[in-house]
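Read the structure below first, then the notes.
The values are calculated or read from the model by the stated rules, or taken from the named source; none is laboratory data. Because the structure is predicted, anything quoted here is derived from the model rather than measured. Glycine gets a Cβ as well: all are built from the backbone with ideal geometry, and neighbour counts include every protein chain shown. The area values use the complete protein model at the heavy-atom level, side chains included, leaving out ligands, DNA and RNA. Shrake-Rupley method; radii C 1.70, N 1.55, O 1.52, S 1.80 Å.
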Amino acid sequence: MVQDVLDTDLYCLTAEEYSLGRSNIEVVDKMLRAEIEIIQYRDKKKKMLYKYKECLKLREMTKQAGVKFIINDDVDLALAVDADGIHIGQEDLPIEEVRNLVGQDKIIGLSTHSPQQAREAQNRGADYIGVGPIFKTNTKEDVCDPVGLEYLDYVVENIDLPFVAIGGIKEHNMDIVKSRGAKCISMVTEIVGAENIINKIKSIRKK
């Protein structure tokens, strides 16, 4: 188990299509200037060579800042750029195979949507889990229906793994998520789509 993997309040993701015309490089630069401590690169549409070149730069930036850099889905890309970890979904390679590929020192996160999936993630060696989508979200094309606050309650009470609450969380509804025990939350469009990303992060953290 990689220690202190989610020892932070905000887990940020890239989402260039919602970034008001700004590149992932520009957005991540602003996240780093706002002292975000973990960033996931998520891009489903670009060609691999472009993603590789982009992630090389992002890896350089995050390493310089001492920030954890996670790649979504692509194990080969994570290894190629020496990312800190990989985040996988329920229909990606099994955790055990990912662990064989990346070794013991890389972080493995797994998206979960039900108590059974959370228990399996814990038993099979995930370092952390994503819990959600808490609310309705449109940032992923293949997203499942919202799991609601009940699943969050289950994880808080029964699962001994770090977790990030994700999915439809905004500044106006984050308080209820935090009040149910979520110490680390993810907001995608709320942050990347903000006119001023640094000020938005500061505003979120003041609450």
- Express in whole angstrom the spacing between the alpha-carbon centres of the range 54-98 and the range 163-185. 24
- Message: Rounded, prolate or oblate, given the Cα gyration tensor of the range 64-111, with a/c below 1.5 counting as rounded?
- Response: prolate
- Could you size up the charge dipole of the range 44-141 around its Cα centre, putting +1 on the beta carbon of Lys and Arg and -1 on that of Asp and Glu, and report it in debye to the nearest 20? 460
- Return the carbon/sulfur percentage of the accessible area of the range 115-155, one whole number, probe 1.4 Å, all protein chains in place. 43
- Query: If Lys and Arg each add +1 and Asp and Glu each add -1, what is the summed charge of the other residues whose beta carbon sits under 14 Å from the beta carbon of residue 181?
  - Reply: -3
- Note on the structure: Relative to the compact-globule estimate 2.2 N^0.38 Å (N residues), the Cα gyration radius of the range 143-207 stands at a ratio of 1.17
- Which whole DSSP H helices in the chain pass both tests: a Cα extent of 20 Å or more along the axis and a mean Kyte-Doolittle value no lower than -1.0? 48-65
- Query: How many nm separate the modelled label positions at residue 104 and residue 123, each set 7 Å beyond the Cα in the direction of the Cβ?
  - Reply: 2.3
- Note on the structure: Everything considered on the Cα gyration tensor (a ≥ b ≥ c; rounded for a/c under 1.5, else prolate if a/b is larger than b/c, else oblate), the range 1-83 must be described as oblate
- Message: Please state the shape class of the range 94-196: rounded when a/c is under 1.5, otherwise prolate if a/b exceeds b/c and oblate if not, all from the C-alpha gyration tensor.
- Response: prolate
- Task: May I ask which residue of 166, 10, 23 lies farthest towards the positive end of the charge dipole of the chain, with charges of +1 (Lys, Arg) and -1 (Asp, Glu) on Cβ and the Cα centre as origin?
- Result: 23
- Item | the range 22-61, dipole about Cα centre (Lys/Arg Cβ +1, Asp/Glu Cβ -1), debye to the nearest 20 | 380
- Unit-weight point scatterers at every alpha-carbon of the range 88-138, Debye formula, q = 0.14, 0.18, 0.21 1/Å: log10 I(q)/I(0) is -0.35, -0.55, -0.71
- Task: Over the chain, average the accessible area per residue using a 1.4 Å probe and give it in Å², no decimals.
- Result: 49
- Task: Could you tell me what percent of the accessible area of the range 1-83 is made up of carbon and sulfur, with a 1.4 Å probe and every protein chain present?
- Result: 48
- Any idea what log10 I(q)/I(0) is at q = 0.14, 0.23 Å⁻¹ for the range 49-145, Debye with uniform C-alpha scatterers and no solvent? -0.56, -1.20
- Direction-averaged shadow area of the convex hull around the Cα atoms of the chain, nm²? 10.3
- Note on the structure: Mean Cβ-within-10 Å packing, highest first, puts peptides 51-57, 187-193 in the order 187-193, 51-57
- Task: Could you give the size of the charge dipole of the chain about its Cα centre, using +1 on the Cβ of each K and R and -1 on the Cβ of each D and E, expressed in debye and rounded to the nearest 20?
- Result: 700
